[in-house]
Amino acid sequence: MTTYHGSCHCGAIAFDVEGELQGAVACNCSMCQRKGSLLWFVPRPQLTLKTPPEAMRSYRFNKHLIAHHFCPTCGIHPFGEGTAPNGAAMAAVNIRCLEGIELDQVPVQHFDGRAL
Ligand SMILES: [Zn+2]
């Protein structure tokens, strides 16, 4: 199991994620298209927030199923939280915010979120 370190740009939001990063999702919904995020979905318990939750602001839209967390200081969106269809708590990590990974080597799967 690998531990990845992630953060926003200014460091007000920092976290660790455990798991093996084998791919990411590029979604074309109205939110992801604007952010340009590449998402890695992990069970929420695999993400450990290292900074106070009050440091984050959250944005919800559409069905309000996902809390898109962002930093009010630097504006970066490092991860979101939501619930999978089976009821499991999930985190959607923006792998662009992880340290020490080769983004170009992560296979990207395109997801048609606009159609939902
Ligand atoms: Zn920040």
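Against the definition (open to solvent by 20 Å² or more (accessible area, probe 1.4 Å), more than 13 Å from the ligand (Cβ to nearest atom) and closer than 21 Å to Gln109 by Cβ), how does Lys63 come out, yes or no? Answer is no for this residue. The single condition from (1) away from the ligand (no atom under 14 Å from the Cβ); (2) polar (S, T, N, Q); (3) more than 14 Å from the chain's Cα centre (by Cα); (4) over 14 Å from Cys27 (Cβ atoms) that Thr73 fails is (1). So Ala26 clears everything in (1) part of a loop (DSSP other than H, G, I, E, B); (2) surrounded by fewer than 17 Cβ atoms within 10 Å (Cβ to Cβ) except one condition, right? Which one? Result: Ala26 passes all but (1).
Name the single residue that is farthest from Asp104 (Cα to Cα) among those in the range 35-60 being part of a strand (DSSP E or B) and of a type in the set (A, V, I, L, M).
From the range 35-60, those part of a strand (DSSP E or B) are 39-43, 47-49, 57-59; that's our starting set.
Filter once more, so that each one left must be of a type in the set (A, V, I, L, M): 39, 42, 47, 49.
On the way: Leu39: 14, Val42: 20, Leu47: 23, Leu49: 26 Å.
Only one residue fits best here, namely Leu49.
The values are calculated or read from the model by the stated rules, or taken from the named source; none is laboratory data. The model shown is predicted, which means the values in this text are computed figures rather than measured ones. Every residue, glycine as well, gets a Cβ built from its backbone with ideal geometry; the counts of neighbours run over all protein chains shown. Heavy atoms of the whole protein, side chains included, go into the accessibility calculation; ligands, DNA and RNA do not. Shrake-Rupley method; radii C 1.70, N 1.55, O 1.52, S 1.80 Å.
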